[in-house]
Structure formats: structure tokens, C-alpha cells
Amino acid sequence: MVIFMSEYKILDNVNYPEDLDKLDVSKLEELSEEIRKFLIEAISKTGGHLASNLGTVELTVAIHKVFDSSKDKILWDVGHQSYTHKILTGRKDKFNTLRQKDGIAGFPRSSESEHDAFIGGHSSNSISAGYGIAVANTLNKNGRYVVCVIGDGSFTGGMVYEAINNAGRSEENIIVILNHNDMSISKNVGAMAKYLSNIRSKQGYHKLKENVNSKLDKVPVLGKPIKRVISSSKDALRQKVYSSSYENMYPTFFEEMGFDYLGPVDGHNISDLLEVLRTAKSKKGPVVVHVDTKKGKGYQFAEKNPGAYHGVCQFDVETGNPDIAAKDSFSTAFGKALCALADNDKKICAVTAAMKFGTGLQYFNAKHKKRFFDVGIAEQHAITFCAGLASQGFIPVFAVYSSFLQRGYDQIIHDCAIENQHIILAVDRAGIVGDDGETHQGVFDVSFLSNIPNVTIFSPESYLELEASLKRAIYDKKGIVAVRYPRGSQKLSHNLVCLKNEDFAYEASDSKKLIITYGRITDNAYTARSELEALGEKISILKLLQIMPIPEEALDIAMKYDEIYFFEEGMKKGGIASQMLMSLYERGFRGSFKITAIDNEFVKQGTVNESLGEYNLDVEGMKRVLNGTESDKV
């Protein structure tokens with residue numbers, strides 16, 4: 001099956017890992033260049049994660065040459081760097097369906113292939129899962145290997161250190177490949193990033209160690225005792241090799257934690273990669289292989305600006321024009337609004353977890369650098385860090401994707417809510433996000449935030465409502481305040497707008513039927529209502545801006561109606577609709593109601609419009625629900 005126009009001399013004959021057995025190093029190098037070309041061509045048509053995959057081509061080829069992924073377990077952290085892995089494991093001919101409805105996922109999925117060992121949509125989980133799998137291998141006595149490929153950006157996530165602490169003191173056969181490119185999504189930050197850079201720049205020690213050990217192994221009787229003496233004096237040995245400016249950073253972190261440390265090696269040199277991976281495979285116990293790669297390698301635009309080409313929509317291969325950070329978006333509107341507020345208030349601080357450009361905080365960083373904090377991929381730390389700032393009278397605003405906010409749930413409750421610390425959560429990508437699939441859908445934040453005492457939640461539909469909500473969150477509310485907004489741009493084709501300080505907007509008709517909704521899908525609800533009214537059916541509509549606490553006046557309005565139809569772009573259980581209905585029932589409401597929301601399932605990949613249609617949250621679906629014909633959906 002030919003998907004793309006180009007023909008590939010070697011890649012066309014490589015479909016599964018066993019096909020690599022026939023190729024020598026020179027052919028593997030040619031294959032890597034063809035895969036890189038294939039990726040650029042494919043992702044230019046489907047969109048996806050480009051730069052991270054261009055940087056891991058040779059590494060992935062080498063892993064599949066040395067290990068058997070049908071038995072050995074290869075874990076990818078973060079899984080957006082697994083495209084070459086998918087190409088080599090039977091999914092090359094499906095690459096035109098990448099991240100599309102019913103197509104292959106942009107992340108590893110065990111349900112998609114036996115070669116995908118573990119899910120990898122969020123960072124920093126691979127060593128924990130890999131250690132668990134390694135223990136299971138030991139208990140099962142199957143002799144299989146576990147390989148965890150983890151980027152240095154993931155090392156800002158605390159879960160990594162919890163896993164290393166446990167795996168390092170074990171004797172399990174787990175191989176951790178540190179893919180070091182100095183990037184997460186934005187440029188890596190923090191002490192660990194500097195530390196890893198220093199390790200990879202100092203190769204003298206590793207070469208000396210290997211040479212000394214090799215020679216001592218050949219010395220009869222005295223060889224092993226001398227090795228033990230040298231091993232016990234390794235700090236002194238290292239200080240002789242490394243310059244004094246690095247003395248306080250050695251012995252290496254990984255070895256002190258119980259791992260054998262190999263590298264650093266050139267992650268684009270097939271021969272070196274094969275050698276070091278075979279060495280790692282021959283060792284017993286936990287091993288770290290330090291690999292140096294270039295994010296975006298082989299495509300000049302991605303090499304020059306890997307952050308911009310981390311995740312892209314369709315783009316022109318020749319010009320490199322990516323469709324990434326739209327100026328017309330909620331993220332940009334938020335970033336500019338926060339920056340404007342901070343111009344006149346020195347207490348406002350902005351916090352991001354490695355998503356400066358994705359959340360629109362580049363404007364704040366440019367004007368208020370001392371009050372801008374990128375903590376790296378560390379959402380739990382970010383929230384408690386905000387609580388610390390708030391405890392001293394500052395006003396921290398943490399801009400974070402909804403799906404990543406989940407990682408800091410305990411910190412929201414324990415470190416912020418109990419003592420009512422005033423922090424603002426700017427929840428980006430709230431609702432359905434589309435092609436990244438189950439791991440990235442922002443459909444849980446309402447249900448998990450709204451059940452925390454004293455939390456206020458705004459869900460604006462337009463840029464003006466977003467700006468107003470942000471200002472109210474900072475100055476008019478106490479405790480935790482979340483302002484949640486969707487991916488992309490506003491769509492506002494009606495006049496049901498919340499003005500300054502209004503918690504909701506209401507438009508009455510001569511009817512006993514009421515629509516209640518909030519956020520982006522209000523536009524669909526308004527359109528569906530208008531089209532049905534054109535056919536003679538009268539329906540009132542109530543749009544909430546402040547969705548928690550539910551405004552008392554909104555409850556008063558709802559009590560006037562006999563039929564209530566809730567439309568919610570989130571989870572049905574624990575959502576605003578179910579909580580509002582409980583309040584109405586306590587007030588004596590005994591009319592009929594219908595909740596249209598996501599019910600007890602994960603939202604699969606597809607376009608936003610496809611997913612909204614799947615759950616009757618588009619215009620046609622809402623019309624079917626309102627006139628009782630949703631069962632007729634085709």
C-alpha cells in the first residue's frame with residue numbers, strides 16, 4: 001500500500017523489526033535517513049510531533065536491532081517520540097491515519113500493537129512502569145528485558161526520582177535510555193538540566209574507566225583486588241579526570257543511585273549506539289545509557305527552532321511554515337490580558353510547567369521576567385510553589401493544560417484549598433482537544449475541581465469574557481479560582497454575552513423548555529435553539545459563566561421551567577449539570593431533565609468537531625436531543 005508519493009529504497013522493504021536483521025550498519029544509516037524523510041513528508045500532511053521524532057530515528061532503529069519488542073518491553077517517555085517505533089512495528093502503511101478518528105494514535109497504545117508496552121501520553125512515568133515490568137519478569141522467570149526511553153525534559157518530573165530510588169537499589173534488568181537533547185517542549189530549565197549537560201560533556205572518565213578495567217581483568221591474581229581498591233576510591237579518580245569546577249557534581253548521580261552508567265554516546269551514530277546497547281544488554285541489574293541527540297535533526301527549520309516544531313498541524317515542507325501558536329486563540333488572549341494586568345500590579349506572577357509558548361505566557365516573560373517562572377515538567381511542584389507565593393501576598397497565575405493539571409490534584413487540595421491560598425489556575429485546552437486522544441482531553445477538570453470546597457470556576461465563551469473572568473479571579477475572589485477555556489479561537493455568532501461582573505446570561509422565550517450550558521458549546525446550543533425556533537418551537541437558554549459555585553439567581557431561573565436540557569463538554573458524573581440538578585431537586589424541582597455529556601468513557605482521537613458530534617454536542621446533535629430524536633443519529 002503506497003501512502004505518500006516518495007519511494008524508499010530500503011524503508012519500502014522494512015515493515016517489522018525482524019527485517020532489520022538483514023541490514024548492516026551502512027544500510028541502517030540509509031534506512032534512518034529514509035525514515036526521517038518519511039516522517040517529514042507524513043507529518044506535513046497529518047500534523048503531529050515532528051522535532052522529537054526526527055531526533056530519535058537512529059536511536060529507535062538501534063533499539064529494535066538489539067532488542068526484540070515482541071518480547072522485550074520498550075517504554076517511551078514521553079510517547080510522542082515513538083513514531084519511528086510505530087513505523088518499524090507494522091504501522092507504516094497506516095501513517096496517513098495518524099492522530100485521526102479510528103487511525104493510529106500519536107502515543108503508544110498497548111491496544112494498538114503488541115509492540116507498545118505501556119501508555120506514554122504524559123511524562124516521567126516510564127521508569128516506574130518499567131521497574132514494575134522488570135519485577136514481573138523476574139517473578140515470571142522469563143529473562144526478558146525492559147528498556148525505558150526517557151527525555152531529559154522528563155527529569156524535571158519528581159516521579160522519575162521516586163522510580164530511580166527504588167529501581168536503583170534492586171537487581172532488576174532495567175535499561176534506562178536517557179535521550180538528552182536539552183529540550184522538553186520549551187528549553188529545559190533547572191539544576192538537573194545543567195547537571196546532565198555537564199555529564200555528557202565529560203567523556204574522559206568513562207574511557208579511562210573502561211581501559212583500566214579491561215587491563216586489570218587480564219592481570220592474574222591481583223587484578224580483582226586492585227579493581228576493588230580503585231572502585232572504593234572512585235571519587236578521587238574522577239577528580240583527577242574532571243576539571244575542578246565539576247568536582248562537587250561527582251560521583252555521577254546515577255551510579256550513586258545504583259545504576260551502571262554508560263555513555264554519553266552520539267545518538268545519531270548507529271555503530272556507537274549498537275555497541276552501547278549490546279553492552280547494556282550484557283550487564284546485570286539497572287543500567288543508564290546516556291544518549292546525546294539533536295531535536296529536529298535533518299530538517300533545518302525544526303533544528304533551528306525545535307520548540308516551535310514540537311507539535312505541528314499541517315505544514316509546507318519546502319517553506320517550513322507550521323501552524324502552531326495562533327494569534328487568534330484563547331491562549332494568546334489570556335497571555336496578553338495577564339500581561340496587561342501585571343503592568344499595573346507588581347504582585348501578579350506567572351507560572352508555567354514547560355509550556356511558555358503553548359499557554360501564551362511569552363508576552364509576560366518578555367515584559368515581567370522577574371515575575372515569570374518556568375518550573376519545567378513539574379505540575380505538582382508548580383501548584384505548591386504557587387501556594388508558597390500566595391502565602392506571602394503575591395498573586396500567582398499558573399497556566400496549564402487541563403490534562404496536565406490532573407497531575408497536581410493532591411497539591412490543589414492539601415497545599416492550597418485547606419488554607420484557602422489565593423491562586424489562579426488558567427486551565428488551557430479545557431474540553432475536547434481532538435487529535436491527541438485520550439491522554440490529552442481536558443474533560444475532567446470541572447468534575448475534579450468543583451468538588452473541592454471553596455473553589456470558584458469560570459468558563460468563558462469569548463475573549464472578552466476570558467479577560468473579565470481573569471480580572472475577577474485575581475481581584476474579586478478568594479481561594480482557588482480556575483478560569484478554564486478551550487483550545488483554538490472563539491466562535492461567537494450570537495449576543496448571549498456575559499457583561500462585566502455577570503455570572504450568567506439568559507434569554508427567555510414563551511416556553512417551558514430551558515437549555516443550560518456553558519463555555520465553547522454555547523454557540524452550538526444557541527444555533528440549535530434558533531433553528532428549532534424557526535420551525536415554531538420555543539426554547540429559553542441560560543449560559544453560565546461562573547459555573548462553580550452555581551449562581552443562586554441561575555437556580556431561581558431554572559425553577560420556572562418544566563423541561564431542562566443540559567449540554568456539558570465534560571464528564572456527566574460530577575459535572576455541573578448533575579450538581580445543578582441536585583440543587584434544583586433540593587429546591588423542589590420535579591420536572592423532566594436530560595443531561596448530554598460524556599458518560600463513563602474516555603474521548604478518543606479525532607477532530608474536535610467529530611468528537612462533539614459523537615456526544616451530541618454539535619448543532620445537529622443538540623437539535624436531536626431537544627426534539628427527542630437523538631436515537632435516530634446516523
ask   = Normalised by the number of residues in region 412-550, what is the relative contact order in percent for Cα pairs under 8 Å and 6+ residues apart?
value = 28
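I need the peptides 125-132, 76-83 ranked by packing, meaning the mean over residues of other C-beta atoms within 10 angstrom, with the highest value on top.
Numbers: 125-132: 23.4, 76-83: 28.0.
Descending mean neighbour count gives 76-83, 125-132.
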request  = Please give the FRET efficiency for E552 paired with K594, using the beta carbon to beta carbon distance and R0 = 25 Å, rounded to the nearest 0.05.
outcome  = 0.60
query = Can you give the relative contact order of region 120-184 as a percent, counting alpha carbon pairs under 8 Å and 6+ residues apart?
reply = 44
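Heavy-atom accessible area per residue, region 508-634, 1.4 Å probe: how many Å²?
Working: 5490 Å² over 127 residues.
Heavy-atom accessible area per residue stands at 43 Å².
I'd like the FRET efficiency for E275 and D93, computed as 1/(1 + (r/R0)^6) with the beta carbon distance as r and R0 of 41 Å, rounded to 0.05. Could the numbers behind the result be given before it?
On the way: r = 32 Å, r/R0 = 0.79.
Plugging the Cβ-Cβ distance into 1/(1 + (r/R0)^6) gives 0.80.
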request  = Just need the relative contact order of region 499-598 here, percent rounded to a whole number, with Cα pairs under 8 Å and 6+ apart.
outcome  = 32
query = Whose amide H sits under 5 Å from the amide H of I564, counting only residues 5 or more places off or on another chain, with H placed in the peptide plane?
reply = L514, S592, F593, K594
query = From the phi of every residue in region 35-51, what ³J(HN,Hα) in whole Hz does the Karplus formula 6.51 cos²θ - 1.76 cosθ + 1.60 yield, where θ is phi - 60° and glycine or proline is x?
reply = 4, 4, 5, 4, 4, 4, 5, 5, 5, 5, 9, 9, x, x, 8, 8, 4
task = Determine the distance separating the Cα centre of region 137-168 from the Cα centre of region 335-411; give it in Å without decimals.
result = 30
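For D19 and E537, FRET efficiency with R0 = 45 Å and r from the beta-carbon atoms, rounded to 0.05?
On the way: r = 61 Å, r/R0 = 1.36.
The value I calculate is 0.15.
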query = Summing Lys, Arg as +1 and Asp, Glu as -1, what charge do residues with Cβ under 13 Å from the Cβ of G90 carry, G90 excluded?
reply = -2
request  = Determine the per residue accessible area of region 1-76 with all protein chains present and a 1.4 angstrom probe, expressed in square angstrom.
outcome  = 39
task = May I ask you to give the percent of accessible area on region 471-619 that is carbon plus sulfur, with a probe radius of 1.4 Å?
result = 50
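For N524, what charge total do you get from the other residues with a beta carbon under 13 Å from its beta carbon, if Lys and Arg give +1 and Asp and Glu give -1? Could the numbers behind the result be given before it?
Numbers: positive: K491, R520, R529, K543, K623, R624; negative: E461, D523, E531, E568, E569, D618, E620.
Here the charged neighbours net out to -1.
What does the charge add up to near K478, with Lys and Arg as +1, Asp and Glu as -1, over the other residues with Cβ less than 13 Å from its Cβ? Don't skip to the answer; put the middle values down first.
Working: positive: R472, K477; negative: E419, D476.
Computed value for this residue: 0.
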query = Among K71/K94; K281/K604; K294/K347; K101/K573; K367/K477, which pairs are too far apart, with a Cα-Cα distance over 31 Å?
reply = K281/K604; K294/K347
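With a 1.4 Å probe and all protein chains left in place, how much accessible area per residue does region 340-421 have, in Å²? Could you put the intermediate results ahead of the total?
On the way: 3430 Å² over 82 residues.
Per residue, region 340-421 has 42 Å² of solvent-accessible surface.
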request  = Starting from the amide H of C349, placed 1.01 Å from N in the peptide plane, find each other amide H under 5 Å away whose residue is 5 or more places distant or on another chain.
outcome  = I395, V397
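Find, among the trypsin sites (Lys or Arg not before Pro) in region 27-125, those assigned to loop by DSSP (not H, G, I, E, B) with at most 16 other beta-carbon atoms within 10 angstrom.
Working: sites: K27, R36, K37, K45, K65, K71, K73, K86, R91, K92, K94, R99, K101, R109; in loops: K71, R99, K101, R109.
Listed in order of number, the matching sites are K71, K101.
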query = Under a 5 Å amide H to amide H cut-off, with H placed in plane at 1.01 Å, what residues pair with D260 once short-range neighbours are removed?
reply = V287, V288
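The values are calculated or read from the model by the stated rules, or taken from the named source; none is laboratory data. A quick note: this is a predicted structure, and the numbers were derived from the prediction, not measured. Here the Cβ is made from the backbone with ideal geometry for all residues, glycine too, and neighbour counts use every protein chain on show. These accessible areas exclude ligands, DNA and RNA; they are computed on the full protein's heavy atoms, side chains included. Shrake-Rupley method; radii C 1.70, N 1.55, O 1.52, S 1.80 Å.
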